[in-house]
């Protein structure tokens with residue numbers, strides 16, 4: 001049989017065919033494999049296909065041959081199982097810090113890790129959740145640059161902005177740059193935050209990565225970041241990464257909220273029984289409006305016992321809300337039918 005110029009690509013093409021066109025539910029017969037190779041102008045005989053499959057198996061591909069009902073060759077084990085790819089697709093699609101366009105690009109790359117048949121199942125997942133996405137396309141590359149700075153122990157410089165009601169960027173500090181020694185990244189409330197030592201304020205602070213512009217890694221080494229800085233402990237103290245007054249806060253909770261407390265503060269917190277139906281827990285926290293909102297959301301199941309300034313902050317917050325809604329005339333709900 002005359003050899004075509006593409007004959008040397010035979011094993012590579014077979015590998016690609018198996019990867020893209022087969023899985024356990026969609027095997028290909030020898031005849032189908034030969035026909036697929038002809039698309040690359042590659043000639044093959046039945047016996048050579050068996051030898052090639054053995055070569056691919058020795059190389060490390062999980063090439064399987066099923067006989068009996070629905071026979072054929074297919075690629076078995078892959079780096080990611082279909083269920084794992086679905087999980088990754090869902091994570092990408094639901095992540096607010098990734099723009100819609102970047103989400104589509106990433107999902108397309110994840111689809112290439114499955115067979116064409118399996119990829120169709122992933123495509124159906126793309127539109128499951130249409131939650132709000134970031135408007136900052138550069139966040140994807142900013143995260144990579146920040147990881148490089150952390151690994152290289154280098155400071156970073158950036159501009160920081162917010163959005164106005166016209167969805168326009170408004171830079172803080174009149175556009176002056178922030179100089180920060182990065183300690184680590186936190187993913188909280190579906191946003192990425194950089195935690196680092198602010199050179200201007202001489203303290204640890206955090207910044208939303210999707211609010212950074214013109215991010216650059218400098219040649220300056222880190223400063224103000226201790227070797228044993230515990231970024232996990234830092235994250236636990238903040239609710240929604242909002243700032244406030246920090247302290248050791250004692251909460252008195254109903255026993256039915258043990259799971260809620262452990263989910264929020266971790267398994268290592270100490271729960272002290274307080275009567276038959278309550279317990280107390282003391283945790284390091286930054287008392288911000290978001291922290292108070294979390295406590296409020298649990299109703300009479302949680303009470304701030306101390307320190308006194310934290311309990312007073314809750315009182316002031318509740319009084320301010322009450323005054324705000326007292327201005328509105330009460331509207332009676334419609335009668336039940």
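The numbers here are math on the coordinates, done by the rules we state, and not lab data. Keep in mind it's a predicted model, so treat the numbers as computed, not measured. No Cβ is skipped: glycine too gets one built from the backbone with ideal geometry, and neighbour counts run over all protein chains shown.
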For the Cα atoms of the chain, what angle does the longest principal axis make with the long axis of helix 100-111, in degrees from 0 to 90, nearest 10? 40 degrees
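Under the 0.36 nm per residue contour assumption, what length would be gained going from the current alpha-carbon distance of residue 104 and residue 38 to full extension?
The span from residue 104 to residue 38 would gain 20.5 nm if fully extended.
What percentage of all Cα-Cα pairs in the range 238-325 are separated by more than 18 Å?
Values: 1585 of 3828 pairs.
Cα-Cα pairs of the range 238-325 separated by over 18 Å account for 41 percent.
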Compute the distance from the alpha-carbon center of the range 256-294 to that of the range 74-115, in whole Å. 36 Å
Residue order, fewest to most beta carbons within 10 Å, for 253, 13: 13, 253
Taking the number of other C-beta atoms within 10 Å as the exposure measure, put 113, 251 in order starting with the fewest. 113, 251
For a quick check: sort 43, 69 by the number of other beta carbons within 10 angstrom, fewest at the front. 69, 43
Helix 46-59 sits at what angle to the longest principal axis of the chain, using alpha carbons and giving 0 to 90 degrees rounded to 10? 40 degrees
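Tell me the mean residue ellipticity at 222 nm calculated for the chain from its helices only (DSSP H runs of n ≥ 4, each -39500 (n - 2.57), averaged over every residue, nearest 500). Before the final figure, lay out the partial values.
Working: 11 runs with 127 residues, N = 337.
That calculation yields -11500 deg cm²/dmol at 222 nm.
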Rounded to 10°, Cα long-axis angle of helix 308-326 versus longest principal axis of the chain: 90 degrees
Per the Kirkwood treatment, what hydrodynamic radius in Å, one decimal, follows for the range 139-232 from the mean inverse distance over all distinct Cα pairs? 13.5 Å
Picking from 63, 316, 225, which is most flexible by a Gaussian network model of the chain using Cα springs under 10 Å? 316
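Tell me, what is the FRET efficiency for residue 269 and residue 153 to the nearest 0.05, using R0 = 35 angstrom and their Cβ-Cβ distance as r?
Working: r = 32 Å, r/R0 = 0.92.
About 0.60, to the nearest 0.05.
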Output the Kirkwood hydrodynamic radius of the range 82-125, Cα pairs only, in Å rounded to one decimal. 10.2 Å
Roughly how many nanometres apart are two label points built 7 Å out from the Cα toward the Cβ at residue 8 and residue 169? 4.9 nm
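Taking the convex hull of the Cα atoms, report for the chain its projected area averaged over all directions, in nm².
Numbers: hull surface 122.5 nm².
Result: 30.6 nm².
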